[in-house]
Amino acid sequence: MKFDLTEERQMLQDSLRRFLGDRYTTARRNEIIDSETGMSAEIWSQLAELGVIGAMFTEDQGGFGGAGFDIAVVFEELGRAGVVEPFLDSALIGGRLLAEAGQGEKVEKVMEGALHLALAHGEPGSRYDLNHVETTARDGVLTGRKAVVMNAETADLMIVSARVSGDVADQDGIALYLVDKGTDGLTIQGYPLLAGGRAAEVTLDHVRGTELFGADKGYQALADVTALATVAQCAEALGAMETATALTKDYLMTRRQFGRPIGTFQALAFRMSDLLIEMEQARSAVINAAGYFDTDQRDLYVSGTKNLMGRAGRLVAEEAIQLHGGIAMTQEYELAHIAKRIVMADHRFGDTDYHLERFIDLSAA
Amino acid sequence: MDLSYTTEELAFRDEVRTFLQEDLPNDLSEKVRLGQDLAKSDMERWHAILNNRGWLAPNWPKEFGGAEWNAVQRHIFEEEAAMANAPRIVPFGLSMLAPVLQKFGSKGQQDYWLPRILSGEDWWCQGYSEPGAGSDLASLKMKAVRNGDHYVCNGQKTWTTLGQHANMIFCLVRTDPDAKQQEGISFLLIDMNTPGVEVRPIILLDGTHEVNEVWFNDVKVPVDNLVGEENKGWTYAKYLLTHERTNIAGVGFSQAELASVKRIAKAANHNGKPLIQNPAFAARLAQIEIDLRAMATTNLRIISKAAAGGAPGVEASMLKVKGTEIRQEINDLARRAVGPYAMPFASEAIEGTNDMIPDPYEAGPVAADYFNNRKLSIFGGSNEIQKGIIAKVTMGGGR
Ligand SMILES: Cc1cc2nc3c(=O)[nH]c(=O)nc-3n(C[C@H](O)[C@H](O)[C@H](O)COP(=O)(O)OP(=O)(O)OC[C@H]3O[C@@H](n4cnc5c(N)ncnc54)[C@H](O)[C@@H]3O)c2cc1C
């Protein structure tokens, strides 16, 4: 067993941490969040140049990483800095689906940072159920509504799931299509997100798409990419939690009330200790999810990790705010954004309870 | 012991219900139901409606124009009002300053300021906290120096809730820099239109403009605006804090928010079934409902005791802690219930998006509320400070 990062991953981590530490300040990020697109094209291409996107793909796919630990390293750093640019949705989810479907040319453009993607899968009635698809496809013509589609407005290409056959909740019969931006019948109603970035409600009224995965392969492709995205999301939350605990520790040592640093009150010191203990658990959970990714225990570890991160994340976010007092409630203070990133991670790819239930099923099987 | 309402109490509840049905404007209750931000004029309108009925100041004695309701009546009103999505009453003048004036103010101050609170002529805000004086309030630094018939004030207050709407602020200021911390503090009423007062917004993490910084630069305040005696302000402030804490349990709000979570959980899908049938979620929901039902009774027990003359001391601290924990837990359930629809952000800063949150449950900005309500355990004496009080009172100050 070895717990050190490989040299390449270590270098990527170092350069990312340095770059984001210098450039991605709270003030800069708040500007980006308030901007029309909710993302910075400049940051996007600079990070692409640093290899952030290339690390998400295997050598076969034209990248230089693609394994669980590559994903975890990248997203932990993005999370630490509270990056709002949609690397997870556009590059990882969109890019890996294209790679899986053998669309090498497009993947190359994704790695250059020149092609933006969105996955339009969830629907108003699906909540976290991956198999729930009401949108229909008849001879490549799609009709339906997609909910909270990340990055929909910026995407050049959208990957849309639709039901070709079967009932609303059947795993079989879901196909995936490529839909060009601006195709007739496609309506995008965009809005900002609480933790930064943008999403949209997408309505499809007889929209023509090109098949990417057939009805017998769509669900599996979605399940695979969602598992990978969940690992990324957990790593991102871990990075954000690192920042939250570091800020809290510093604040406890510097904020003075009653003539002494508040961290000297045992009531607060013990709670800080609890956070540090949970952080070790969180780190190990993410290592588990990344390390078991290419085994037959993948889903068990993904669900277990997402559940643990949901619990630990909530604890860290809430306690970090509480231990700070009022200052943490202000938009100008770094922790405010970081806490939102942590809690909102629970709302993607299934929440704490969803993955608890899934873990129970998988571990009983 | 009898937990059921008496005939008179039931009649009172019906009276309250009828009033809310008839007099609470639909557009206001819709805004509250959808979690939209209320404009200053919305709050003023609701205050005026209540004042018209003589119900704006339930806790004031009749001699000052209050309703002088007992604990049970107040509880009934709070519960009914919350369930009907009535706007919350802005407490600064009505339930914070007024009790202090009624107990420690001069006859002249009572006659002048109290009617203006009821009529809405004055909008008060609370100037206690400073950047360096939060939990350790007695370390406050804002100075007031006596100069003939006025004080000259310099310093900064912060976290001033709705200070952007206020024309008056009651402040704790330091009048004797040489005395021991608690002994050099006075209670001053300051007109915010006086030259030298500046209000700067603080935007909270959910995008709302709810609090402010208030700066004082050589602000002249008439000596008549001193409440009680100079350097006795700490006593008055502590008196005010016990009032601030009595309705902080927020039972009515918790009940309304819990009902909303249940409604969402019945509509939301989880694994092909309603979310409310999911064992993990259902267990969380049931436990908080059990806790809330017990807390409602704790609340009634404690306020009845206070009404009978017992001071709400350590029990008020207990209620504050439990009440806020329960409310925050319900907020957590609400954001869980809506699933991915917790993520969209309807900010008042972004014009017109308020009614654009596309969620199918009409849940309102539940995730924003979840974050905003983290304040509940921070302000009004943080929950840690309350626990310190409980321990000190019950164990005689031993650490
Ligand atoms: C939304 C909001 C609205 C507010 N509105 C107003 C208002 O209208 N007027 C007004 O005057 N103030 C207002 N406040 C201020 C509020 O009263 C303070 O935030 C509160 O007193 C805590 O002070 P602080 O934020 O400086 O935190 P600190 O006092 O610095 O506390 C930081 C942390 O240390 C803990 N702590 C401090 N001392 C101890 C101790 N001895 N033992 C154990 N733990 C301790 C606290 O509990 C907290 O967890 C508001 C605050 C907020 C967030």
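The values are calculated or read from the model by the stated rules, or taken from the named source; none is laboratory data. Nothing here was measured: the structure is a model prediction, and the numbers come from that model. With ideal geometry, Cβ positions are generated from the backbone for all residues, glycine too; neighbour counts draw on all protein chains shown. Please note that ligands, DNA and RNA were not included when accessible areas were found on the heavy atoms of the full protein model with its side chains. Shrake-Rupley method; radii C 1.70, N 1.55, O 1.52, S 1.80 Å.
Would you point out which residue out of A:250, A:294, A:299 is among the acidic types (Asp, Glu) and not in a helix (DSSP H, G or I)? Let's see the steps before the verdict.
On the way: A:250 fails: not in a helix (DSSP H, G or I); A:299 fails: not in a helix (DSSP H, G or I).
Result of the check over A:250, A:294, A:299: A:294.
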Residue pairs within 9 Å by beta carbon, gap of at least six or interchain, first lying in the stretch B:329-354 and in a loop (DSSP other than H, G, I, E, B), second among the hydrophobic types (A, V, I, L, M, F, W, C) and at pLDDT below 50, listed first then second, are none
Failed criterion for residue B:271 (all others in (1) within 14 Å of another protein chain (Cβ to nearest Cβ); (2) at pLDDT 90 or above; (3) surrounded by 15 or more Cβ atoms within 10 Å (Cβ to Cβ) hold): (2)
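Would you check which residues across the stretch B:136-145 are near the ligand (Cβ under 8 Å from one of its atoms) and crowded, with 19+ Cβ neighbours inside 10 Å and list them? Explain how you work it out, then say what you get.
Pass one, the stretch B:136-145, residues near the ligand (Cβ under 8 Å from one of its atoms): B:136-137.
Within the stretch B:136-145, just B:137 meets the criteria.
Can you tell which of A:298, A:255 is of a type in the set (D, E, K, R) and within 16 Å of the ligand (Cβ to nearest atom)?
Details: A:298 fails: within 16 Å of the ligand (Cβ to nearest atom).
Going through A:298, A:255 in turn, just one is of a type in the set (D, E, K, R) and within 16 Å of the ligand (Cβ to nearest atom): A:255.
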Restrict the check to the stretch B:321-344 and report whether at least one residue is at pLDDT 90 or above, among the hydrophobic types (A, V, I, L, M, F, W, C) and within 16 Å of the ligand (Cβ to nearest atom). yes
Which residue is nearest to residue A:30 (Cα to Cα), if the candidates are limited to the stretch B:345-399 and must be at pLDDT below 75 and within 16 Å of the ligand (Cβ to nearest atom)? B:348
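Please state which one of B:229, B:213 is at pLDDT 95 or above, surrounded by fewer than 20 Cβ atoms within 10 Å (Cβ to Cβ) and within 11 Å of chain A (Cβ to nearest Cβ). Spell out how you get there, then give the answer.
On the way: B:229 fails: within 11 Å of chain A (Cβ to nearest Cβ).
So the residue among B:229, B:213 that is at pLDDT 95 or above, surrounded by fewer than 20 Cβ atoms within 10 Å (Cβ to Cβ) and within 11 Å of chain A (Cβ to nearest Cβ) is B:213.
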Taking the criterion of being within 14 Å of chain B (Cβ to nearest Cβ), more than 16 Å from the ligand (Cβ to nearest atom) and of a type outside the set (A, V, I, L, M), would at least one residue in the stretch A:201-213 satisfy it? yes
Per the list (1) within 25 Å of residue A:84 (Cβ to Cβ); (2) within 13 Å of chain B (Cβ to nearest Cβ), residue check on residue A:308 breaks on (2)
Which is surrounded by 21 or more Cβ atoms within 10 Å (Cβ to Cβ), within 16 Å of the ligand (Cβ to nearest atom) and not aromatic (Phe, Trp, Tyr), of B:98, B:81, B:57, B:86? B:98
State whether one or more residues within the stretch A:328-336 are hydroxyl-bearing (Ser, Thr, Tyr) and within 16 Å of the ligand (Cβ to nearest atom). yes
Going through the stretch A:85-113 one residue at a time, which ones are crowded, with 24+ Cβ neighbours inside 10 Å and assigned to a loop (DSSP other than H, G, I, E, B)? A:85, A:86
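Is it the case, given these coordinates, that residue B:303 is touching a residue at least 40 places away in the same chain (Cβ under 8 Å), within 14 Å of chain A (Cβ to nearest Cβ), part of a helix (DSSP H, G or I) and crowded, with 21+ Cβ neighbours inside 10 Å?
No; evaluated as a whole, the condition is false for this residue.
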Considering only residues that are within 20 Å of residue A:103 (Cβ to Cβ) and open to solvent by 50 Å² or more (accessible area, probe 1.4 Å), look in the stretch A:173-191 and name the one that is farthest from the other protein chains (Cβ to nearest Cβ). A:180
Could you list, in sequence order, the residues of the stretch A:300-322 that are open to solvent by less than 10 Å² (accessible area, probe 1.4 Å) and either without any contact (Cβ under 8 Å) to a residue 12 or more places away in the chain or polar (S, T, N, Q) (or both)? A:303, A:305
Take residue B:194 and decide whether it is hydroxyl-bearing (Ser, Thr, Tyr), in contact (Cβ under 8 Å) with a residue 12 or more places away in the chain, open to solvent by less than 10 Å² (accessible area, probe 1.4 Å) and not in a strand (DSSP E or B). no
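Could you look through the stretch A:176-188, keep only residues that are part of a strand (DSSP E or B) and within 23 Å of the chain's Cα centre (by Cα), and pick out the one that is modelled with the lowest pLDDT?
Residues of the stretch A:176-188 part of a strand (DSSP E or B): A:176-180, A:186-188.
Now narrow it down to the ones that are within 23 Å of the chain's Cα centre (by Cα): A:176-179, A:188.
On the way: A:176: 98, A:177: 98, A:178: 98, A:179: 98, A:188: 95.
In this case the residue turns out to be A:188.
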Could you check how many residues of the stretch A:226-252 are farther than 18 Å from residue B:378 by Cβ and near the ligand (Cβ under 9 Å from one of its atoms)? 0
Give me the residue from the stretch A:1-29 that is open to solvent by less than 40 Å² (accessible area, probe 1.4 Å) and among the polar types (S, T, N, Q) and, out of that set, farthest from residue A:70 (Cα to Cα). A:26
Among the residues listed as A:309, A:344, the single one being out of contact with any Asp or Glu (no Cβ under 9 Å at 6 or more places or on another chain), closer than 24 Å to residue B:206 by Cα and away from the ligand (no atom under 13 Å from the Cβ): A:344
Looking only at the stretch B:114-135, count every residue that is more than 14 Å from chain A (Cβ to nearest Cβ) and within 12 Å of the ligand (Cβ to nearest atom) and tell me the total. 3
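Quick check on my filter: what residues within the stretch B:360-399 are more than 9 Å from every other protein chain (Cβ to nearest Cβ), hydrophobic (A, V, I, L, M, F, W, C), in a helix (DSSP H, G or I) and touching a helix residue (DSSP H, G or I) at 6+ places or on another chain (Cβ under 7 Å)?
Step one: of the stretch B:360-399, the residues more than 9 Å from every other protein chain (Cβ to nearest Cβ) are B:361-364, B:366, B:369, B:373, B:376, B:380-381, B:385-386, B:389-398.
From what is left, the residues that are hydrophobic (A, V, I, L, M, F, W, C) are B:363, B:366, B:376, B:385, B:389-391, B:393, B:395.
From what is left, the residues that are in a helix (DSSP H, G or I) are B:366, B:376, B:385, B:389-391, B:393, B:395.
Answer for the stretch B:360-399, where residues must be more than 9 Å from every other protein chain (Cβ to nearest Cβ), hydrophobic (A, V, I, L, M, F, W, C), in a helix (DSSP H, G or I) and touching a helix residue (DSSP H, G or I) at 6+ places or on another chain (Cβ under 7 Å): B:366, B:376, B:389, B:390, B:393.
A quick yes/no check of all residues on (1) away from the ligand (no atom under 15 Å from the Cβ); (2) basic (Lys, Arg); (3) touching a Pro at 6+ places or on another chain (Cβ under 6 Å); (4) not in a strand (DSSP E or B):
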position: B:176; (1), (2), (3), (4): yes, no, no, yes
position: B:186; (1), (2), (3), (4): yes, no, no, no
position: B:189; (1), (2), (3), (4): no, no, no, no
position: B:200; (1), (2), (3), (4): no, yes, no, no
position: B:206; (1), (2), (3), (4): no, no, no, yes
position: B:216; (1), (2), (3), (4): no, no, no, no
Looking for something without any contact (Cβ under 8 Å) to a residue 24 or more places away in the chain and in a helix (DSSP H, G or I) - is there at least one such residue anywhere in the stretch B:64-73? no
Is it the case that some residue within the stretch A:277-289 is part of a helix (DSSP H, G or I), open to solvent by less than 50 Å² (accessible area, probe 1.4 Å) and within 16 Å of the ligand (Cβ to nearest atom)? no
Could you please let me know if residue A:325 is within 9 Å of chain B (Cβ to nearest Cβ), open to solvent by 30 Å² or more (accessible area, probe 1.4 Å) and within 16 Å of the ligand (Cβ to nearest atom)? no
Residue among A:329, A:309 that alone is in contact with a helix residue (DSSP H, G or I) (Cβ under 8 Å, 6 or more places away or on another chain), under 25 Å from residue A:229 (Cβ atoms) and of a type outside the set (Gly, Ala, Ser): A:309
